[in-house]
Amino acid sequence: MHTRVVVATAAAVLGTAAPLLSPASGAGAGEAGDVGRPTVIAHRGASGYAPENTLASIDKAAQLGLTWVENDVQRTRDGELVVIHDDSLQRTTNVKALFPGRAPWKVKDFTAAEIARLDAGSWYSPAYAGTRVPTLTQYMRRVDHNREKLLLEIKNPELYPGIEQQTLKLLGNEGWLDRGHLGRLVVQSFSADSVRKVHDLKPAVTTAYLGKPTVAQLHRYARSVDLINPSYDSLSREYVASVHALAGPHGRPLGVFTWTVNDATTARRVAGYGVDGIISNKPDVVRSALGSG
Ligand code: G3P
Ligand code: CA
């Protein structure tokens, strides 16, 4: 078993995400990206201000001057990749009204055409009535149009056999696996198996594991992931340092993007731990707290 251990200088640690992502695109850890200042990622888009995981939410992030957005990808009954967080359509659409007899309204039980009819904005605010659940193709094109960067989460992969390969195929078809785009993309999952599959299928893609392996387990993750992304409430300076001390599959120090931080005090605390990215529903609040906007 070979463990890559690196000596992490302050600059290497604090700028982890920048060198990780920059070779192909010039992307930095922060627009967030100054050394010592974490990348700020708009969680499910700017979901504190617009309905989550919609095109409106990534447009809002762009309006706020944020570059990085995060989303959740699942699959319809007829095999279309769509962007939505829950495995059920109930919370974030009007599916109950349109399809009252179809409880529990699972994404995997509806066709893409059926989902395209749903209103994914009214639950959030009448101002967003008529907003749709985007397909991943629509979403990637809007991310590109907005010149944004994407932390793409494969959600509930156990429900969707082959979703890793399918997602990579779509990304390739849309040009996101080209050299100019790779630095604008990270693929993550709560499933270590799923992330490993992505790495094995396309080693050039930057990957992240959502969760907090023990320090003793980290070296195994470092074979296939570039980032370890834990919840902020389980985090410590020592843990972040332990992650940074290992090199990932691309030979650079592992990074840490933490979630979901929505207030200034917590943002400053976790930034003090040395995290490389902060995922937030209110990314403008985090950015201001860190003195970058
Ligand atoms: O990106 C981190 C975060 O999205 C993980 O939690 O449930 O919001 O997908 P969840
Ligand atoms: Ca997510």
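The values are calculated or read from the model by the stated rules, or taken from the named source; none is laboratory data. All of these numbers come straight from a predicted model, not from anything done at the bench. Using ideal geometry, Cβ is built from the backbone for each residue, glycine included, and neighbour counts are taken over all protein chains shown. All accessible areas refer to the heavy atoms of the entire protein, side chains included, with ligands and DNA or RNA removed. Shrake-Rupley method; radii C 1.70, N 1.55, O 1.52, S 1.80 Å.
At a 10 angstrom cut-off on C-beta neighbours, averaged per residue, how do the peptides 200-210, 106-116 rank from highest to lowest?
200-210, 106-116
When the accessible area of the range 52-186 is computed with all protein chains present and a 1.4 Å probe, what percentage of it is carbon and sulfur?
For the range 52-186, the apolar C and S fraction of the accessible surface comes to 48 percent.
Using only helices, what value at 222 nm comes out for the chain when you add -39,500 (n - 2.57) per DSSP H run of length 4 or more and divide by the total residues, to the nearest 500 deg cm²/dmol?
So the calculated ellipticity at 222 nm is -8500 deg cm²/dmol.
Show the residues, 5+ positions off or on another chain, whose built amide H is closer than 5 Å to the amide H of residue 254.
246, 247, 248
Report, by chain and number, residues whose modeled amide H sits under 5 Å from the one on residue 40, excluding near sequence neighbours (fewer than 5 apart, same chain).
32, 278
If you count only protein heavy atoms with a 1.4 Å probe, what accessible area per residue comes out for the chain, rounded to a whole Å²?
40
Apply the a/c threshold of 1.5 to the C-alpha gyration tensor of the chain and tell me whether it is rounded, prolate or oblate.
Prolate, since a/c reaches 1.5 and a/b exceeds b/c.
With only Lys, Arg, Asp and Glu charged, each at its Cβ (+1 for the first two, -1 for the last two), find how big the charge dipole of the range 193-283 is about the Cα centre; round to the nearest 20 debye.
100
Mind ranking 119-127, 252-260 by how tightly packed they are, going by the mean number of other C-beta atoms within 10 angstrom, highest first?
So the peptides 119-127, 252-260, ranked by packing, come out 252-260, 119-127.
Taking R0 as 51 Å, what FRET efficiency do you get between residue 231 and residue 113 from their Cβ-Cβ distance, rounded to the nearest 0.05?
The value I calculate is 0.90.
Of 107, 206, 67, which is farthest on the positive side of the dipole of the chain, counting Cα position, with +1 on Lys and Arg Cβ, -1 on Asp and Glu Cβ, and the Cα centre as origin?
Farthest towards the positive end: 206.
With point charges of +1 on the Cβ of Lys and Arg and -1 on the Cβ of Asp and Glu, referenced to the Cα centre of the range 136-200, which listed residue (166, 137, 154) lies farthest in the positive direction of the dipole?
Checking the options against the dipole of the range 136-200, the answer is 137.
Relative to the Cα centre, what is the charge dipole magnitude of the chain, using +1 at the beta carbon of each Lys and Arg, -1 at the beta carbon of each Asp and Glu, and rounding to the nearest 20 debye?
180
Lysine pairs in the chain 8 or more apart or on different chains: how many have alpha carbons under 15 angstrom apart?
Lysine pair count for the chain: 8.
At R0 = 35 Å, how high is the FRET efficiency between residue 220 and residue 159 if r is their beta carbon distance? Nearest 0.05 is fine.
0.90
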